[in-house]
Amino acid sequence: MSPTATAVRWHGAGDVRLEQVAVRPPGPEEVLVRPAYCGICGSDLHEVADGPHAIPVSQPHGLSGQRAPLVLGHEFSGTVEAVGEAVHGLEPGDTVAIEPNYRCGSCPACREGRYHVCRHFGFAGLMGDGGMAELVTVPAVMAHRLPPGFDLAQAAVLEPAAVALHAVRRSGVRPGDRAVVVGLGPVGLLVCALLLRRGVSDVVGVEPDADRRSLAAHLGVPRLVDPRDTDASEVAARAAVGADGAHVAFEVVGAGGVRCGEPQPAQRWHRRPRRPRAAAGDRRSGVRQ
């Protein structure tokens, strides 16, 4: 009898079950991982609320070979339990962070090293089993060995942190610039933290939720605006960014009502940027919460 593990599986919108699943032994180029921590992404919440959006239901995903029901979770870290015979550079006992991208390795994008836009792109935890399980088997290329002593709770946040880092790098922001971050959810807060670490001390955070504004203040964001009070937010934002506006703005909301360049209450005052805005979006849909 095959060993089993407890897992959180998506069966349909509003139908998520804690159940026993068979543990698949790793193939030649796969690793078996025991997850330590797994985050809950906005993508997961959308799938639970009104999916499927990305989860394959009628046909298996081309690379994972899986369809619903699937184990959720693509932001996770853990310890390698077993490795396939063709795996090099990883061994049982290694702690790893998971980069959940499936990639074929043979399409034009993969051959150019741009596997994040693979023709058969997918995510473990959405198009194949993910990290909300006691054990999960994934392609070895997804597992990045961590330095000794690296905190596994922090390692589980590396995937969303990479989204924020990519946006900050693409923005071209420099120390001494002024930046506006619209949306202070997990990725927005990570954008703020990275901006401050990069030496961008003049950061304006725009967020209606008081708890999130409090977290941003704890991180050291010096200027915070509540966009629900249109008049007050306009005055506060204009005072924060000055007559010339901000050098760069990050839209990290992912809601249809927020569009840069249109007269939204939280954005009218972003008038003369010297460089284009950067949107912190995920690779699947262009939206990250």
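Residue 215: touching a Leu at 6+ places or on another chain (Cβ under 7 Å) and more than 30 Å from residue 24 (Cβ to Cβ), yes or no? Answer is yes for this residue.
Take residue 97 and decide whether it is assigned to a loop (DSSP other than H, G, I, E, B) and of a type in the set (Gly, Ala, Ser).
No, not satisfied.
Each residue in segment 55-81 was checked for being touching a residue at least 60 places away in the same chain (Cβ under 8 Å) and over 17 Å from residue 138 (Cβ atoms), and 1 pass.
Within segment 115-155, the set of residues being surrounded by fewer than 20 Cβ atoms within 10 Å (Cβ to Cβ), within 22 Å of residue 53 (Cα to Cα) and among the aliphatic types (A, V, I, L, M) comprises 117 only. Does residue 8 count as closer than 18 Å to residue 56 by Cβ, in contact with a Phe, Trp or Tyr (Cβ under 8 Å, 6 or more places away or on another chain) and either not assigned by TED's automatic domain parsing to the domain that holds residue 54 or not basic (Lys, Arg) (or both)? Against the criterion (closer than 18 Å to residue 56 by Cβ, in contact with a Phe, Trp or Tyr (Cβ under 8 Å, 6 or more places away or on another chain) and either not assigned by TED's automatic domain parsing to the domain that holds residue 54 or not basic (Lys, Arg) (or both)), residue 8 does not qualify. Of the residues examined, residue 45 is not one that is at negative phi, in a strand (DSSP E or B) and not charged (D, E, K, R). Restricting attention to segment 1-45, the residues that are farther than 14 Å from residue 81 by Cα and within 24 Å of the chain's Cα centre (by Cα) total 21.
Could you grab me the full set of residues in segment 154-213 that are among the charged types (D, E, K, R) and part of a helix (DSSP H, G or I)?
Here is the first cut: in segment 154-213, the residues among the charged types (D, E, K, R) are 159, 169-170, 174, 177-178, 197-198, 202, 207, 209, 211-213.
159, 169, 170, 197, 211, 212, 213, listed by residue number.
Annotation note: Cβ proximity below 6 Å between a residue of segment 26-48 that is at pLDDT below 95 and a residue that is assigned to a strand (DSSP E or B) and buried (at least 16 other Cβ atoms within 10 Å of the Cβ) (sequence gap 6+ or interchain) occurs for 41/75. For residue 54, indicate whether it is more than 22 Å from residue 65 (Cβ to Cβ), of a type in the set (A, V, I, L, M, F, W, C) and outside any helix (DSSP H, G or I). No, not satisfied.
Residues that are surrounded by 17 or more Cβ atoms within 10 Å (Cβ to Cβ) and either under 13 Å from residue 30 (Cα atoms) or among the basic types (Lys, Arg) (or both) within segment 64-80 comprise 64, 80, listed in sequence order.
Looking only at segment 121-147, how many residues end up being at pLDDT 95 or above and part of a loop (DSSP other than H, G, I, E, B)? Residues flagged as at pLDDT 95 or above and part of a loop (DSSP other than H, G, I, E, B) within segment 121-147 amount to 11.
The values are calculated or read from the model by the stated rules, or taken from the named source; none is laboratory data. In this text, all values refer to a predicted model and were calculated from it rather than measured experimentally. As a convention, Cβ positions derive from the backbone with ideal geometry for all residues, glycine included, and neighbour counts pool all protein chains shown.
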